[in-house]
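Have a look at the structure below before the remarks.
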Amino acid sequence: MGGKKALREEVVRRFPLSYEKYIEVFGGGGWVLFHKPPGNDFEVYNDRNSLLSNLFRCVRDKPDLLINALKYVLNSREDFDRARLALRRRRSTDIQRAAWFYQVIRQSYAAALTSFASQPHDLWRDFPLIWKAHRRLADVVVENQDFETLIRHYDGPATFFYCDPPYHTTEGYYQNIGEDGFKERDHIRLRNALLSMEGKFLLSYNDDVFIRDLYDEPGIQIEPVTRLNNIRQRYDPNCQFSELLIANYDMAERGRATAQFDLFEMEREF
């Protein structure tokens with residue numbers, strides 16, 4: 001529901017002009033991290049869901065073993081259900097858990113991990129993608145921390161945090177296998193952590209009265225944006241979803257800098 005595939009360009013365009021550390025607090029599928037150009041900044045991917053953080057570590061460190069574990073996966077309801085149940089086991093290798101989790105993501109309806117999608121999908125076609133992700137993640141630190149602990153650990157004047165927390169009032173959707181839900185008190189706890197930090201933050205949320213009121217503070221910018229609805233677009237290709245981008249810095253700086261650069265290039269051409 002909160003995947004940033006359709007909004008990743010708008011998010012990256014609003015990054016601050018300079019920072020030394022980039023911390024993705026609610027990493028999820030990593031759409032923004034993989035879209036963000038790699039540079040000289042120190043990068044951290046974090047997700048409290050241990051299945052996600054384990055998958056990203058295995059892609060980064062053991063892509064060959066992960067691919068071997070996926071080579072003979074069947075695209076069938078029985079195999080899908082078997083993998084879902086297997087994820088509940090406490091005794092399994094990190095590679096086996098990553099392979100089961102990847103299979104369930106790829107074969108579930110809307111990647112919700114709950115029901116078999118009944119759609120053809122050749123996992124072998126994903127293997128080049130896994131190798132590309134491995135190369136991109138080579139220097140990325142993968143964490144599995146509570147957001148407040150993570151923010152406190154990495155905060156500093158040169159740190160930039162991108163946060164894409166569970167949407168308000170839809171938190172139940174994010175209660176994946178073996179993980180606790182995100183409560184209203186956690187939205188408030190996140191606000192308190194962000195407003196007291198030294199660094200900069202960019203936050204994406206669903207457009208919600210509670211969230212607008214929560215961040216109605218001096219020095220905080222709130223910008224409404226829209227994107228394609230990830231789930232409903234298969235029925236209505238023009239279906240839009242309203243979101244908010246919230247920051248403790250001027251989000252227009254990047255746009256002004258880009259416009260000035262483009263203008264400079266035009267002047268050179270003439």
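The values are calculated or read from the model by the stated rules, or taken from the named source; none is laboratory data. Just so you know, these numbers come straight off a predicted model, no measurement behind them. Note: ideal-geometry Cβ built from the backbone for every residue, glycine included; neighbour counts use all protein chains shown.
Evaluating Ala110 against the criteria (1) at negative phi; (2) surrounded by fewer than 16 Cβ atoms within 10 Å (Cβ to Cβ); (3) hydrophobic (A, V, I, L, M, F, W, C) leaves one unmet condition, (1). All conditions but one from (1) more than 26 Å from Asp155 (Cα to Cα); (2) touching a residue at least 60 places away in the same chain (Cβ under 8 Å); (3) acidic (Asp, Glu) apply to Glu43; the one that does not is (1). Selection of the stretch 12-47 for residues being in contact with a Gly (Cβ under 6 Å, 6 or more places away or on another chain) and either over 27 Å from Ile246 (Cβ atoms) or at pLDDT 95 or above (or both) yields Tyr45, Asn46, Asp47. Among the residues of the stretch 212-226, the ones that are touching a residue at least 24 places away in the same chain (Cβ under 8 Å) and within 15 Å of Lys200 (Cα to Cα) come to 5 in all.
Okay, residues lined up against (1) hydroxyl-bearing (Ser, Thr, Tyr); (2) surrounded by fewer than 20 Cβ atoms within 10 Å (Cβ to Cβ); (3) over 14 Å from the mean Cα position of the chain (by Cα):
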| residue | (1), (2), (3) |
| --- | --- |
| Glu24 | no, no, no |
| Gly39 | no, yes, yes |
| Ser53 | yes, yes, no |
| Asn68 | no, yes, yes |
| Asn75 | no, yes, yes |
| Arg89 | no, yes, yes |
| Ser92 | yes, yes, yes |
| Gln103 | no, no, yes |
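Scanning the stretch 87-105 for residues that are farther than 20 Å from Asp126 by Cβ and touching a Cys at 6+ places or on another chain (Cβ under 6 Å) yields a count of 0. Considering the stretch 200-230, the residues that are surrounded by 15 or more Cβ atoms within 10 Å (Cβ to Cβ) and β-branched (Val, Ile, Thr) include one that is modelled with the lowest pLDDT, namely Val225. Total residues in the stretch 5-22 satisfying the condition of being part of a helix (DSSP H, G or I) and among the basic types (Lys, Arg): the figure is 2. Taking the listed residues Ala69, Ala6, Ala86, Ala99, the one that is small (Gly, Ala, Ser) and within 25 Å of Asp207 (Cβ to Cβ) is Ala6, with no other qualifying. Residue count for the stretch 48-72 under the criterion of being farther than 29 Å from Glu148 by Cα and modelled with pLDDT under 95: the result is 1.
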